[in-house]
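Asker: To start, I am sharing the structure in question, which I have written as structure tokens.
No lab work stands behind these numbers, since they all come straight from the coordinates. Here the structure is a predicted model, which is why all the values come from computation and not from measurement. Here the Cβ positions follow ideal geometry from the backbone for every residue, glycine too, while neighbour counts run over all protein chains shown.
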Amino acid sequence: MSRSSVITSLVITLVFFRLLVPTTSTDETLEALPATSEAVKRKWTYSYRKPDSKSKPAWSHKDPEAWIRKFPTCGGKQQSPINIQPNLTVITSYPNFKFHNYGFVEGMELINNGHSAAYNLPINYPKKKTPHISGGGLDGIYQFAQIHMHWGNDSSKGSEHLIKSKSYPAEMHLVHWNVKYGSFAEASKYSYDGLAVLTIFAKVVPEDNKSYQPLVEQLGEIIKNGDETILRKPVSLFELLPKRTSTFYRYFGSVTTPACQEIVIWTIFDKPIEISEKQLNKFRSLKDEVGDRMVDNFRPPQPVNDRTVFYRSHKVPDIPLSVTDPYSPFSDAYKWSKSTFKNYANRFWGMFDPPAHLRHAFCRTRPC
């Protein structure tokens, strides 16, 4: 077969595949997001509901080993956080993350829930302005819901996840839920793709981080358990992210507080952000559910067991979506077809709700 015939056949094949693969414009992506649901309003929960000051705390970070007695799931096989060993990870080539509407969010609700400072997306936030993420190995769109922090009594500890047994002074979680389930509550019922949490480590530097100042400067208004306020300054979610988001760890795990539901796709960025000791001390000045200093509000690392931890390295190029090298059409076409088949396999899997044990087994051996 002549070279021109090969290229002609390849072009026809690519056009055929492209017709099968639906594309989504920016407007279509926005329309895919449901209106703000009751589950994402101020009373929504990622085990961080507004506390009842008259009731006895159901759990505490002071005794995480006791959680399993009231919350059996906390003793599950796929719990979080974990101690990540980079030499044991599997290198993968996820596409880059896409951060939609990650600019300034106005009117965020700040609550002291007795366990952390929680920053919630405002009630009835405009749908077309709602922050959401896609790409990065996630199958679908995940809508932003909340930010919360974990920190230590001092800067020798504080993060929940560890890298080679190393702890950072603080760890931030940006919580998102899968919009295909319609609400945060429904997304929380699914074991393999309900929630996606972006994890950002923080290291201490002498100077304040101006991007984080809107999160810090009103903490004095929520000192006690149950206190709440509205942020007067907008928060840029994009500026909260580390400078490099192309390298990260990925694994399937759980919420790190009771009831420890195993519903989270974890993304742990390996490049930390910077924050000052002065700013961290603002968090340490808060009071917990019993009136003590809110410090060391992190869960110890849990066993990895037989889970696979993936690593997205900037040295691994993305799989090309089109033929770019006319002198190697078969190689590029093979890679593109492989990527397309993988995407359809993921969509086919997502059409079903298999038993939990099958979902768990599936997610231990592949990125979910």
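Asker: Could you check the simple spin-label distance between Ala185 and Lys224, using points 7 Å along Cα→Cβ, in nm with one decimal?
Answerer: 3.0 nm
Asker: Could you give the length gained on full extension between Lys278 and Arg232, defined as 0.36 nm per residue of separation minus the Cα-Cα distance, in nm?
Answerer: 14.5 nm is the gain from fully extending Lys278 to Arg232.
Asker: How large is ³J(HN,Hα) for each residue in segment 127-140, as worked out from phi by the Karplus curve 6.51 cos²θ - 1.76 cosθ + 1.60 (θ = phi - 60°), to whole Hz, x for Gly and Pro?
Answerer: Rounded to whole hertz, the list is 4, 6, 10, 5, x, 7, 10, 8, x, x, x, 7, 9, x.
Asker: Find which of Pro301, Ala202, Asn281 sits farthest along the positive direction of the dipole of segment 201-325, computed with +1 on the beta-carbon of Lys and Arg, -1 on that of Asp and Glu, about the Cα centre.
Answerer: Going by the Cα projections, it comes out as Ala202.
Asker: Also, I was wondering about something else. Check Gly226: other-chain or 5+ apart residues with amide H under 5 Å from its amide H, H built from backbone geometry?
Answerer: Asn112, Asn113, Gly114
Asker: What is the gain in length, in nm to one decimal, between Glu239 and Asp63 on full extension, counting 0.36 nm per residue of separation less the C-alpha to C-alpha distance?
Answerer: Contour length minus the Cα-Cα distance gives 59.9 nm.
Asker: Sticking with the crude label model, points 7 Å out along Cα→Cβ, report the distance from Lys56 to Gln85 in nm, one decimal please.
Answerer: 4.1 nm
Asker: If you plug each phi of segment 73-84 into the Karplus form 6.51 cos²θ - 1.76 cosθ + 1.60 with θ = phi - 60°, what whole-Hz ³J(HN,Hα) values come out, in order, with x for Gly and Pro?
Answerer: 4, 5, x, x, 8, 10, 8, 10, x, 9, 9, 7
Asker: At 7 Å along the Cα-to-beta-carbon direction for both Asp292 and Phe104, put a label point, then send me their distance in nm to one decimal.
Answerer: 4.1 nm
Asker: Using modelled backbone amide H atoms (1.01 Å from N, in-plane), which distant-in-sequence or interchain residues come within less than 5 Å of Asn153's amide H?
Answerer: Placed amide hydrogens put Asp296 under 5 Å from Asn153.
Asker: Output wanted: per-residue J couplings in Hz (rounded whole) for segment 265-273, from phi through Karplus 6.51 cos²θ - 1.76 cosθ + 1.60, θ = phi - 60°, x for Gly and Pro.
Answerer: 8, 8, 10, 10, 5, 8, 9, x, 8
Asker: Also, I was wondering about something else. Counting pairs of alpha carbon atoms under 8 Å apart in space and at least six apart in sequence, what relative contact order in percent does segment 33-314 give?
Answerer: Relative contact order of segment 33-314: 28 percent.
Asker: Relative to a virtual label point 7 Å from the Cα of Lys203 in the Cα→beta-carbon direction, which members of segment 131-170 show backbone nitrogen distances below 16 Å?
Answerer: 155-159, 162-170
Asker: Taking 22 Å as the cut-off for C-alpha to C-alpha distance, list the pairs among Lys210/Lys278; Lys210/Lys287; Lys203/Lys282 that go past it.
Answerer: Listed pairs above 22 Å: Lys210/Lys287.
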